[in-house]
Each structure stands twice: as structure tokens, then as C-alpha cells.
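The values are calculated or read from the model by the stated rules, or taken from the named source; none is laboratory data. Because the structure is predicted, anything quoted here is derived from the model rather than measured. Don't worry about glycine lacking a Cβ; one is built from the backbone with ideal geometry, like all the others, and counts go over all protein chains shown.
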Protein chains: 2
Amino acid sequence: MTTTGKQLFTTLESDGTLTVEIAQSEFPDPTGNQVLVRMEAAPINPSDLAILTGAADFENADYSPGKVVAKMPEPFNSGQKARHGQRLPAGNEGAGTVVATGDSDMAKALMGQRVACVPGTAYSEYAIADAAMCLPLGDHSAEAGASSFVNPMTALGFVENARMDGQKAILHTVGASNLGQMLNRICLEDGMGLVNIVRKDEQAKLLKDQGATHVVNSSDDDFLSQLKAAIDDTDAFYGFDPIGGGKMVDTCFKAMEQVAVGKMTEYSRYGSNQQKRMFIYGRLDFGPTTLTPSYGFGWTLSGWLLTPFLQNAGMETVMRMRKRVLDNLSTTFASKYKTKVDLEGMLTRDAILDYRQMKTGEKYLVTPQG
Amino acid sequence: MTTTGKQLFTTLESDGTLTVEIAQSEFPDPTGNQVLVRMEAAPINPSDLAILTGAADFENADYSPGKVVAKMPEPFNSGQKARHGQRLPAGNEGAGTVVATGDSDMAKALMGQRVACVPGTAYSEYAIADAAMCLPLGDHSAEAGASSFVNPMTALGFVENARMDGQKAILHTVGASNLGQMLNRICLEDGMGLVNIVRKDEQAKLLKDQGATHVVNSSDDDFLSQLKAAIDDTDAFYGFDPIGGGKMVDTCFKAMEQVAVGKMTEYSRYGSNQQKRMFIYGRLDFGPTTLTPSYGFGWTLSGWLLTPFLQNAGMETVMRMRKRVLDNLSTTFASKYKTKVDLEGMLTRDAILDYRQMKTGEKYLVTPQG
């Protein structure tokens, strides 16, 4: 017996035609450790947009009810050659109610419960999920639990990663984002130093009102000296950046190095011995990352993704992190949404042109049941 | 009692005036573990040029015997603010004869011996060196031993570092350089895979004549597919680059990722799980490094310097590496020079404009005793 329901699919053809549409799908009965979740809420995260909209031209797309066809420009079309012709589901995470389960005890124990899950197919009326990755939400609503994986585990992951690497402070280049505010709350709770970079005065105020001690505004004329003072105060030689393109990482490395050089007693042509570490964990800017030769050789820049981090961290750490999220879902790990849309509502011109901008504090929540 | 002799100094003033000159110096008696070496030969390595000439304009400099005054353009002048006004010696390494020693047994044992050393002041008739870093050369000439530290230990360091990180192959972006040829010989001896990138057919031939199995020419139209084939053959997801500026690192990451993606059975929006690692160990190109968002998040780029690597590797590893260099000084670790110049000869227009280009196979040797 299969269940049928509406589901979102995104298909990129080799000629650059991107079709995103809602279609009827059949969901097989869950087996083994799987559960079938009737999806009630799923956020649109920046990590979803990579596959959902990418760099396609939605200004000049063809919109019809439950369907949009847009052109993917080069080099982004060729860059995604590996997905050409594939009809892909989307939606990393969400929450809903378990309506069927596989045979495993872990799966059966979830029957009828409201859970948060990470199916990768969350923009759908139903989704098959791994019981081991489901978080029973108890009395929390689906809306409250919809974003309990990606942002909370990423923000916690930064702090775990920093601690593993012996750091006592973190720099975050998008301080006022949903994730950034969460990171600020975690760092305050854990006594981890945090330097927040924001772009606007109201974002600085928002973070300071939430107890942030170090907030620097990249729009200020004296941004670099503000940043250096904050790094000097906290020893934040270790940072996370979701922008990717442009010069933000370069600026952070420069500021870190200038702080370190300021403490040296002797000139070295190779720069300071201070190790400087930055991670790019997103691509708000699809442009190239530019690194100038102005901070010696003691620096490392990496891509950062949640899944490999969790795999490396091990099950015990992951369980501890998930428990902390659940215990503090409506406080530390609460997410806010600008608006709610159903599956068809996701694909209107107004919605796409709005949420694809990934503006700070303007996250969308999808409610697949309408 | 002090010893006097000629020594090279380089001074950058805050207005961008760079003065490089030969002057009389007084060398104090060595104490403790120090030795005084009468310098007979010292190479001009790319790592020396950073402080010796930098990005200054030597086309339009004022040349007089034993002295040259040039202008350092922006942003390079401001970038070296920390050295403004300081009269700095130069010359990382060289070889000569120990003519006086400190009181330590290690120092005294070197009296009268020909040694290779790493004084940082090698462009000089005399240099104070640390006995612990001296390599007694036995019957080898000073010329044969002059380059026994920087290039040999760096090339060996790459292989040690790769092994520590569980790699079975290395990619090197300047395959035909003095260091590159050395690395090729080490990798052949050690059974470590090596992908060499070169820019010219004659460089490819040179390396192949020396037994290199994977040589790809970046000037060929099908460079990227050559590179991918070589990476696929060797599993070289781990590379070293002395260029720094431009797109070479980006191209290597792209090729590595495309090889890894080609082996995936399912599309992932995040790219492959293959960890890709590159190190920038020099700055043949002072321009910015450009990284495009085209190889997912499984990549890490770091600066790489010999001294911190050796400090991390530990004394035992360093001793083993140095013994290997000494045992194979005239074979695996032999360096070739285009020409010899004395201290005054270093500062002629013809010499500077030639050696600062750091052309493959055109290294200069300085003979401070004339």
C-alpha cells in the first residue's frame, strides 16, 4: 500500500532550463528503520536554495500555478552538470507526524508522534525519514520544531569545533542572521568569546540587546579598526563565514594578522606565528573568494559542512548536541519566520523573489498541508 | 675580539625607499651554542627575495657599486610597515668554514669544519649560526652544501606531511623547479605518487627524462583533462603551490573535485565527500588568490612554511630528514646554479633583474669571499 500526496521537484536540463514544480507523488511504505512523516512545517534555509533556485533568473521566469520555469545562467548551469536531467526533491529538514513506520523498534516507537526530521525531501505532504535522525517533539508544535536540525546543529557545531581545536573565541561574519543570533545565545551560555560582524546599525542593536559583547559594523568607516579591537579583546583567530564570495574572509585574516603582528617584538618577513583559521559554510555570494598575500603563511581556510562534521564528531557528541537542542527548543534554539506559504505558495513570483534574497530575519516557513 | 667583514643589508623606509647595500660589519665572538662561519657560498632562493628585493622597481633604480636604491610601490610598501626603518640582514642559508665557536661541546666540535648553516644572514663574509642547525659537510664543497637546508627540507617536508596525513600522492604546481626536481627524486625513491605541473614542453621533457611518471603542461589546450587524468591515476588530492596568486590553486581544486564527482553514483548539491587539500608555500605571484565556488565544501587551503612544519614534526623527524639530506647531497638533493656572483655582484642591475624573475633552473649562488 502506498500513500499519495503533493511534493516539490526541481529539475535542471542541460540547456539550463530549471523547472520547479509541485506534482503528485507516491510514497512507499517505510521499511526497517524508516518512518513515514506527514510533513507539517519545513523552513527554507539558504542550504535549500542551492538546489531549489540556485542562480537562475526568476525575474524573467514563466510562472503558472504550482510551477515555475527559469533559465540558469552560465557558469552555474555547467557547474551543476552532475544534476542535469535529474528530477530532485528538496527541503533538508522539517517537522510533522509519524503515520507509518518500518519494523525496527526505534521506528515503531515513533508511531503517532510529532517529530523533527531531516529527510532531504521536506517540501512535500509526506516524507520518508530515518528514525535515528528523528527528534520527538513532545508538546512542541511542528512549527517550533521545523528548524531544529540545520541551524541549531550548525551553530552548536561551530562551538564544538572551536573547542576541539582549543579555541576560546569565534568570529562570525553574519552575526545577525537566524543562525548568528542562535550562535550568540550558545556562546553566552558556554562562555565562548564571539565577535559578530553585521552590516547595519539596527542589526548591531539587535545583537547587543541580546547580550552580545562584540559587534562590529562592516558599513562603518572604521570597520577594520573595530574588528581588530574585537579580535584583540577576545583572541578570535577562528571564524565562520556563510558569504563565501568577495573579500570578507580576506578582511578577517588581515585583521587577525594585524592584531598578532602588533604583539610581535621582532619583524618577520613570513608574518606572525599566530595560526589563523576561517571556514566558509555557505555561499550567500556566488562570486569568487579573493585572498590577498597580506597575512603571511600561518592561515588555513576550509569549506565547512554539517554532515561531515557530525560524522567526525561521533555519535555520542551528536546525541549530546541533539538533546541540548530539544531541551532548549523554545529559547536558545528558537527560529523566527517572516511568513508561511504552502507548497504552491512557495512557487509564486513574489515568494521566490523575496526568499531567495536570504535577507537577515526574513526566513520563510513552508506548511505542506496548506 | 670581534671579526670584521662585508655584509649585505636591506632597509625599507616608510616612504617606500628600499636601500640594499654592502657594508662593513663587526661580528661578535660566538657564545654558548653559537659558531662563527666564514661564509663561502649562499644561494638566492625565492624565500630570500621577499626581503631582498620584494616588489620594488629595480628597472628604474639607482645603482652604484655595492648599493642599489629602489622604490617599493603600494600596497607592498604599506604591507611591510613592520620593517620600516629597520636595517635587515638577508640570506637564509649557506655554507662555509667554522672559524670560532662558543663554549658548548656541540659548538666546539665544529671548529675548523666546513658546515651548511641557516643563519638568516648568509649574504655576508661571516655569519653567526646555531650549532644545532649546522650540518658538517665532510668532503663536500661549500657550493655543494650551500643549498642543503631550504629546498631539501621543504621537499622532504612535503612528503613527510603527506604521509602524516595518510596521503599516497602529491600534486606540485611547479614541477620543474629546483625544488620540484628534488621532490620528483624523493617521490620516486619513496614510492609516493607525484603529479607535476609544468608550463613548457622542455620542462615536461626534463622531468620525464628524470623518471617522472605524471607531468602535465598548463600551456596545453587540454591541460584540465590531462590534470584530471593524472589525479585519477594517482589519487593526488593533496598539493603544494609556490605561485600563490592567480587561479592555479583553484584549477587544482576543480580538477580534484571533478575526478571525485566522476566516481559518485548519486548527485549531491554539496559536491563530493573527497577531502581536497592544497598548501601555498611561496609567492611567485604577488597577486590575489582566486577561489571559485565550484568544488563544494570538502576543501582546505593553507599557507605552508618550513619552520613551523619542522617545529611540529619534532626533533627526531628533523634529524632523520637532515641525515638523509647529508647522505644524498650530491644525488637526490643536489642543486644547480646558473651563475655565481660575489656580494657586490649581487647588486648590479643585470644580476637583480635576472635573479628576481626566479626563472626555473636559473638559480644564483653568492660567493661572499669573491
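A few notes on this one:
- When the stretch B:281-296 is limited to residues that are more than 7 Å from chain A (Cβ to nearest Cβ) and surrounded by 22 or more Cβ atoms within 10 Å (Cβ to Cβ), the one that is farthest from B:Phe158 (Cα to Cα) turns out to be B:Tyr295.
- Residue under evaluation B:Lys263, criteria (1) under 13 Å from A:Leu301 (Cα atoms); (2) more than 9 Å from chain A (Cβ to nearest Cβ), criterion not met: (1)
- The single residue among A:Val99, A:Val20, A:Val115, A:Val37 that is among the β-branched types (Val, Ile, Thr), more than 23 Å from A:Val150 (Cβ to Cβ) and not assigned by TED's automatic domain parsing to the domain that holds A:Ser177 turns out to be A:Val99.
- Only one of the listed residues (B:Ala90, B:Ala107) is touching a Ser or Thr at 6+ places or on another chain (Cβ under 6 Å) and assigned to a helix (DSSP H, G or I). That residue is B:Ala107.
- Sole exception among (1) surrounded by fewer than 19 Cβ atoms within 10 Å (Cβ to Cβ); (2) facing chain B (nearest Cβ under 9 Å); (3) free of Cβ contacts under 8 Å to residues at least 60 places away in the same chain for A:Ile51, by number: (1)
- Checking A:Gln274, A:Gln258, A:Gln181, A:Gln210 one by one, the residue that is more than 20 Å from the chain's Cα centre (by Cα), farther than 30 Å from B:Asp48 by Cα and of a type in the set (S, T, N, Q) is A:Gln210 and no other.
- Considering the stretch A:301-320, and only residues there that are hydrophobic (A, V, I, L, M, F, W, C) and at the interface with another protein chain (Cβ under 7 Å from one of its Cβ atoms), the residue that is nearest to A:Met256 (Cα to Cα) turns out to be A:Leu301.
- Residues being within 15 Å of B:Thr213 (Cβ to Cβ), among the charged types (D, E, K, R) and in a loop (DSSP other than H, G, I, E, B) - total across the stretch B:151-185: 1
- Any hit, the stretch B:92-99, residues being away from chain A (no Cβ under 14 Å), under 23 Å from the mean Cα position of the chain (by Cα) and among the acidic types (Asp, Glu): yes
- Selection from the stretch B:282-321 of residues that are outside any helix (DSSP H, G or I) and β-branched (Val, Ile, Thr): B:Thr289, B:Thr290, B:Thr292, B:Thr300
- Of all residues in the stretch B:270-305, those that are β-branched (Val, Ile, Thr) and within 17 Å of A:Gly287 (Cβ to Cβ) total 3.
- Qualifying residues in the stretch B:340-370 (those that are more than 13 Å from B:Gly94 (Cβ to Cβ) and among the polar types (S, T, N, Q)) - the one surrounded by the fewest Cβ atoms within 10 Å (Cβ to Cβ): B:Gln357
- Filter result for A:Gly239 (facing chain B (nearest Cβ under 9 Å) and closer than 20 Å to B:Met278 by Cα): no
- Set A:Val98, A:Val69: member being closer than 25 Å to A:Leu365 by Cα, in contact (Cβ under 8 Å) with a residue 60 or more places away in the chain and part of a strand (DSSP E or B): A:Val98
- Selection within the stretch A:267-280 - more than 9 Å from chain B (Cβ to nearest Cβ) and either free of Cβ contacts under 8 Å to residues at least 12 places away in the same chain or of a type in the set (A, V, I, L, M) (or both): A:Met278
- Qualifying position, being within 13 Å of A:Ala169 (Cβ to Cβ), surrounded by fewer than 16 Cβ atoms within 10 Å (Cβ to Cβ) and of a type in the set (D, E, K, R), among A:Asp222, A:Asp190: A:Asp190
- Among the residues of the stretch A:72-87, those identified as within 11 Å of chain B (Cβ to nearest Cβ), part of a loop (DSSP other than H, G, I, E, B) and in contact with a Leu (Cβ under 9 Å, 6 or more places away or on another chain) are A:Gln80, A:His84, A:Gly85, A:Gln86.
- Where A:Lys359 falls short, out of the listed (1) within 14 Å of the chain's Cα centre (by Cα); (2) touching a residue at least 24 places away in the same chain (Cβ under 8 Å); (3) away from chain B (no Cβ under 14 Å): (2)
- The stretch B:130-144, residues that are in a helix (DSSP H, G or I) and closer than 18 Å to B:Ala334 by Cα: B:Ala142, B:Glu143, B:Ala144
- Of the residues B:Lys254, B:Lys247, the single one that is out of contact with any Asp or Glu (no Cβ under 6 Å at 6 or more places or on another chain), within 25 Å of B:Trp304 (Cα to Cα), surrounded by fewer than 18 Cβ atoms within 10 Å (Cβ to Cβ) and within 11 Å of chain A (Cβ to nearest Cβ) is B:Lys247.
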